[in-house]
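Step one of this worksheet: look at the structure below.
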Amino acid sequence: MNQAPQQPVIDILPDPQGVADRAAKWIADRTAQTSETFRIAVAGGNTPRALYCELVAPPLRDRIDWRRIELFWGDERYVPHDDPRSNYRMVRETLLAHAPIPIDHVHPVMLEGGVESGARHYEALLKSAYGADVLSPARPLFDLVLLGVGTDGHTASLFPGDWAMDESTNWTAAVVHNNEPRITLTYPAIHSSRAVAFLVTGIEKSEAVRRAIGGDLALPAARVRSQGEIVWFLDRAVAANLAEAGTA
Ligand code: 6PG
């Protein structure tokens, strides 16, 4: 299934650290373009660790007005926040522990009476932060959604073939992947964004990235849209297949 995707910006850097540096500067610049609260849905996994570390290191640490940053999570494993698999834990260790973000601006996915109930609580939290139950294209929910991509083309916890790919009303979903319950933002929430940034590195993901950027809608990452721009921050290894596909 192919369809012309929203035209993305593709930024290819020499290596993973280059990706982290470039994305961090880009985020700092975006936060400086407004004096309003800046809402970010952060990505989990390993790739963004270096990005978060870069954001809280000089010089960017002192350029960002952390009091205006508000954090949400793009997805979360249904595990306690101190579990090594927790995306909250990863972001706490790499970013929150080093940045003066007001505590009432930090909105992790909470363990609330089971994964289904947790998903509904997280959606209620998002609606409360947004100040409405219905998303308006004129007023995106997020200023920025950060995403990673798996070798199978999944993004957040939207996996190929999963029912959650077709969720068109609810802002969150409870899913199970490899026997692991997770809570994820759905497309309606992700699409309600001023920008989406993908961070992807490593040769093992090059085929998934080629297909996603090429618009193969079987891949969850290919279905991501934004009210504004979509930027792919890639290292040379993961971008290896793009030139021959004519997409870079
Ligand atoms: C997660 C993510 C997931 C991730 C990709 C890439 O928590 O696992 O939300 O979508 O971004 O699996 O993960 P890596 O960066 O670890 O390869």
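For segment 79-135, just say rounded, prolate or oblate: build the C-alpha gyration tensor, square-root its eigenvalues into a ≥ b ≥ c, call rounded for a/c under 1.5, and beyond that prolate if a/b exceeds b/c, oblate if not.
Details: a/c = 3.13, a/b = 1.28, b/c = 2.45.
Oblate.
What net charge is computed for the residues neighbouring Arg223, neighbours being all others with C-beta under 11 Å from the C-beta of Arg223, Lys and Arg scored +1, Asp and Glu -1? Please list the in-between numbers first.
Working: positive: Arg225; negative: Asp166, Asp216.
Local charge sum for Arg223: -1.
Over the C-alpha trace of the chain, radius of gyration and Dmax come out as 16.8, 49 angstrom. With Cα atoms as the point set, segment 149-210 shows a radius of gyration and Dmax of 12.4, 35 Å. In this label model, Ala138 and Gln6 are separated by 1.9 nm, measuring between points 7 Å along each Cα→Cβ vector. Of the candidates Arg225, Arg63, Arg22, which one comes out as most mobile in a Gaussian network treatment of the chain with C-alpha springs shorter than 10 Å? Evaluated over the chain, the most mobile residue of the options is Arg63. Computed from backbone phi with θ = phi - 60° and the Karplus coefficients 6.51, -1.76 and 1.60, the 3J(HN,Hα) list for segment 64-69 is 8, 7, 4, 5, 9, 8 Hz; x is used for glycine and proline. Orientation-averaged projection of segment 8-75 equals 5.1 nm² [convex hull of Cα atoms, one quarter of hull surface area].
Taking the Cβ-Cβ separation of Glu204 and Asp62 as r and a Förster radius of 51 Å, what is the calculated FRET efficiency to the nearest 0.05?
On the way: r = 36 Å, r/R0 = 0.71.
FRET efficiency, Glu204 to Asp62: 0.90.
About its Cα centre, how strong a charge dipole does the chain have in debye, to the nearest 20, once Lys and Arg get +1 and Asp and Glu get -1 at the Cβ? Spell out each step's value before the answer.
Working: 24 positive and 31 negative charges, 85 e Å.
Dipole size: approximately 420 debye.
With a/c under 1.5 counting as rounded, go ahead and sort segment 118-232 into rounded, prolate or oblate using the C-alpha gyration tensor (a ≥ b ≥ c being the square roots of the eigenvalues; past the cut-off, prolate if a/b is larger than b/c, else oblate). It is oblate, given that a/c is not under 1.5 and a/b is not larger than b/c. Just checking the listed ones, Val79, Val176, Val134: in the Gaussian network model of the chain with Cα springs under 10 Å, the one fluctuating most is Val134.
Electrostatic tally near Val106: other residues with Cβ closer than 15 Å to its Cβ, Lys and Arg +1, Asp and Glu -1, net +1. Comparing segment 173-248 with the 2.2 N^0.38 Å rule of thumb, its C-alpha radius of gyration ratio is 1.20 (two decimals).
Taking the charge dipole of the chain about its Cα centre, with +1 at Lys and Arg Cβ atoms and -1 at Asp and Glu Cβ atoms, the residue from Gln33, Cys53, His107 reaching farthest to the positive side is Gln33. The H on the amide N of Val145, modeled in the peptide plane, is under 5 Å from the matching H of Ala41, Ala195, Val196, Ala197, each at least 5 residues off or on a different chain. Positive-end ranking of Ser117, Ala218, Leu185 along the dipole of the chain, with charges on Cβ about the Cα centre, is headed by Leu185. For the chain, the relative contact order comes to 26 percent (Cα pairs under 8 Å, sequence separation of at least 6).
Between rounded, prolate and oblate, where does segment 102-161 land on the alpha carbon gyration tensor, with a ≥ b ≥ c its root eigenvalues, rounded for a/c under 1.5, else prolate if a/b exceeds b/c?
Numbers: a/c = 1.70, a/b = 1.25, b/c = 1.36.
It comes out oblate by the Cα gyration axes.
Every helix of 4 or more DSSP H residues in the chain counts as -39500 (n - 2.57), and over all residues that averages to -8000 deg cm²/dmol at 222 nm. Straightening the chain between His81 and Leu111 buys 9.9 nm, computed as 0.36 nm per residue apart minus the Cα-Cα spacing.
For segment 1-144, calculate the relative contact order in percent as a whole number, restricting contacts to Cα pairs under 8 Å that are 6 or more residues apart. Show your work: numbers first, answer last.
Details: 155 pairs, mean separation 32.7, N = 144.
It comes to 23 percent, rounded to a whole number.
Size of segment 39-156: Rg and Dmax of its alpha carbons, in Å, are 14.5, 42.
Backbone geometry of segment 35-49 corresponds, through the Karplus equation with coefficients 6.51, -1.76 and 1.60 at θ = phi - 60°, to 3J(HN,Hα) couplings of 10, 8, 4, 10, 9, 10, 9, 8, 8, x, x, 9, 4, x, 3 Hz, x marking Gly and Pro. A simple spin-label model places pseudo-atoms 7 Å from Cα toward Cβ; at Asp29 and Ala124 they are separated by 4.1 nm. In sequence order, segment 101-108 has phi-based couplings of 7, x, 4, 7, 9, 10, 10, x Hz under the Karplus curve 6.51 cos²θ - 1.76 cosθ + 1.60, θ = phi - 60°, and Gly or Pro positions carry x.
A dipole drawn for the chain from +1 and -1 charges on Cβ atoms has a positive end, and of Leu146, Ile69, Thr172 the residue lying farthest that way is Ile69.
Read-outs: derived from the displayed coordinates by stated rules, not from any lab. All values derive from a computational prediction rather than experimental measurement. When we count neighbours, we look across all protein chains shown, and the Cβ atoms used for this are built from the backbone with ideal geometry, even at glycine.
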